[in-house]
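What follows is a set of notes on a single structure, which appears directly below.
The values are calculated or read from the model by the stated rules, or taken from the named source; none is laboratory data. Keep in mind the model is a prediction, meaning the values are calculated, not measured. Quick reminder, even Gly has a Cβ in these numbers, built from the backbone with ideal geometry, and neighbours come from all protein chains shown.
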Amino acid sequence: MSTDPEAREHFGPLVPGHVKVRYNDLEDLEAKLQEYNGRVAGFLVEPIQGEAGIIVPDDGYLRKSYELCKKYNTLYIGDEIQSGIGRSGKLLANDYEQVKPDILILGKSLTGGVCIASAVLASAQVMQVMTPGIHGSTYGGNPLSCAVSVEALKALKEENMIENSYKQGQKFRQGMVELQQQYPEILTNVRGKGLFNGITLNPTYEKTATDLC
């Protein structure tokens, strides 16, 4: 499903039936939903794009996308593998717009980095489409990963890590904006939420991001 050429080249044949929608473009989303007239099973979206460069959508984009999905009987699938579990300053980045995905995808930080885990969460109505035995994985339901995930989520709440992520993120961006104002020939943009942030270098700047660091 990725539009990254490196994720598509030399792989195939690609599974048909996927339609690309421009990110942060509600008109394009509704046009595609109208075109396929109720035949779109799901809309998969990162509330903050990760690999694309920490792209934060306009305020209201997630909520309006969710409402369009409801209008056209399409499942809203929130990919929070990178943005979820406190990184954005909320438990989930979708929480900023009070959006509860029909399907939620989590991973990476679910165990606090201690061991491997990923999860797909959905309502019983969605999950019961798969009857027992038709879907599984070798390490699915791994008891160690599940136990560590529970403890990591407990620590996240008890140690106020989400609130800290929000506050520290504000401080970080404020500091980076001050640097941007001081060096406009180098830094052109600062963006993000919580501790999930991105900085854009002026393309005319001769050195790389590594050199700058």
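Overview of values
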{"quantity": "Tally of residues being surrounded by fewer than 23 Cβ atoms within 10 Å (Cβ to Cβ), of a type in the set (Val, Ile, Thr) and either in contact (Cβ under 8 Å) with a residue 40 or more places away in the chain or over 27 Å from residue 34 (Cβ atoms) (or both) across the stretch 64-89", "calculated": "2"}
{"quantity": "Matching residues in the stretch 8-27 - criterion: being within 16 Å of residue 70 (Cα to Cα) and not hydrophobic (A, V, I, L, M, F, W, C)", "calculated": "27"}
{"quantity": "Residue in the stretch 41-62 that is without any contact (Cβ under 8 Å) to a residue 60 or more places away in the chain, touching a helix residue (DSSP H, G or I) at 6+ places or on another chain (Cβ under 9 Å) and in a helix (DSSP H, G or I) present", "calculated": "yes"}
{"quantity": "Which listed residue, of 66, 96, is within 25 Å of residue 125 (Cβ to Cβ) and among the aromatic types (Phe, Trp, Tyr)", "calculated": "66"}
{"quantity": "Matching residues in the stretch 99-116 - criterion: being in contact with a Lys or Arg (Cβ under 7 Å, 6 or more places away or on another chain) and modelled with pLDDT of 95 or more", "calculated": "99"}
{"quantity": "Some residue of the stretch 44-61 being aliphatic (A, V, I, L, M), more than 12 Å from the chain's Cα centre (by Cα) and closer than 30 Å to residue 171 by Cα", "calculated": "no"}
{"quantity": "Count of the stretch 59-80 residues which are in contact with a strand residue (DSSP E or B) (Cβ under 7 Å, 6 or more places away or on another chain) and hydroxyl-bearing (Ser, Thr, Tyr)", "calculated": "4"}
{"quantity": "Residue within the stretch 3-15 that is touching a helix residue (DSSP H, G or I) at 6+ places or on another chain (Cβ under 8 Å) and closer than 23 Å to residue 197 by Cα present", "calculated": "no"}
{"quantity": "Residue in the stretch 68-85 that is of a type in the set (A, V, I, L, M), at pLDDT 95 or above and in a helix (DSSP H, G or I) present", "calculated": "yes"}
{"quantity": "All helices (runs of 4 or more DSSP H) inside the stretch 115-204 with 2 or more residues being surrounded by 14 or more Cβ atoms within 10 Å (Cβ to Cβ) and not assigned by TED's automatic domain parsing to the domain that holds residue 84", "calculated": "161-182"}
{"quantity": "Test: residue in the stretch 117-126 that is of a type outside the set (D, E, K, R), under 12 Å from the mean Cα position of the chain (by Cα) and at pLDDT 95 or above", "calculated": "no"}
{"quantity": "Of all residues in the stretch 1-31 being modelled with pLDDT of 95 or more and more than 29 Å from residue 87 (Cβ to Cβ), the one that is surrounded by the most Cβ atoms within 10 Å (Cβ to Cβ)", "calculated": "30"}
{"quantity": "Residue within the stretch 44-65 that is over 28 Å from residue 197 (Cα atoms) and of a type in the set (A, V, I, L, M, F, W, C) present", "calculated": "no"}
